[in-house]
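Visitor: Can you read through this structure? Questions will come right after.
The values are calculated or read from the model by the stated rules, or taken from the named source; none is laboratory data. Please read all numbers here as calculations on a predicted model, not as lab measurements. Quick note on the areas: whole protein, heavy atoms, side chains included, nothing else; ligands and nucleic acids left out. Shrake-Rupley method; radii C 1.70, N 1.55, O 1.52, S 1.80 Å.
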Amino acid sequence: MIKLFITLANEPTGPMSGEYYTMTQTEILQQITPVFRKVFNDNGLILQPAHSAADFDKWDSINHVILIARIEKLFNINIDTAELMQLKTIGDLLNIIEKKVTL
C-alpha cells in the first residue's frame, strides 16, 4: 500500500495533485490502464503485471517514450534512465511508481 494524492475538483493533473490516501498496486494499474489504452488505441486492453513490451504489437521506442511521459505526468514523478533500463514488465513499472509516490 502506498500514499498517493487524489485529484481535486476538475484538475487535469494526476492523483498527486490533491489529498493523501493509500493506493494499492491494483489501483495504480487501474490508473495507468487508460494511458496504455490511449497510446495503443485499444479500449479493450487489460493490463496484467506480467505483461511486457513483447505482448503489445504497437509497443515501440516512440510509444515507450509516450507511455513513460504520460505516466510521469499522471503521478507527478520522474523515472530516471537507470530505472527505465530495468523495466521488463508492467509489474516492474508498478513497483517504480509505488516507490516514487511514497518518497
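Visitor: Provide the per residue accessible area, probe 1.4 Å, for the stretch 23-72, rounded to a whole number of square angstrom.
Guide: Heavy-atom accessible area per residue stands at 59 Å².
Visitor: State the extension gain, in nm to one decimal, for the chain segment bounded by Gln86 and Ala54, taking 0.36 nm per residue of separation less the distance between their alpha-carbons.
Guide: The span from Gln86 to Ala54 would gain 10.0 nm if fully extended.
Visitor: Can you compute 3J(HN,Hα) from phi for each residue in the stretch 53-67, using the Karplus curve 6.51 cos²θ - 1.76 cosθ + 1.60 with θ = phi - 60°, rounded to whole Hz and x for Gly and Pro?
Guide: Per-residue couplings from phi come out as 4, 5, 7, 10, 4, 8, 7, 10, 5, 5, 5, 4, 4, 4, 4 Hz.
Visitor: Scan around His51 for amide H atoms under 5 Å from its own, H built in the peptide plane at 1.01 Å from N, and keep only partners 5 or more places away or cross-chain.
Guide: The answer is Ile90, Gly91.
Visitor: Something else about it: Convex hull over the Cα atoms of the stretch 18-103, averaged projected area in nm²?
Guide: The number I arrive at for the stretch 18-103 is 5.6 nm².
Visitor: Same structure, new question: Give me, ordered by chain and number, the residues 5 or more places off Met23 or on other chains with an amide H under 5 Å from its own placed amide H.
Guide: Correct list: Ile2, Lys3, Leu4.
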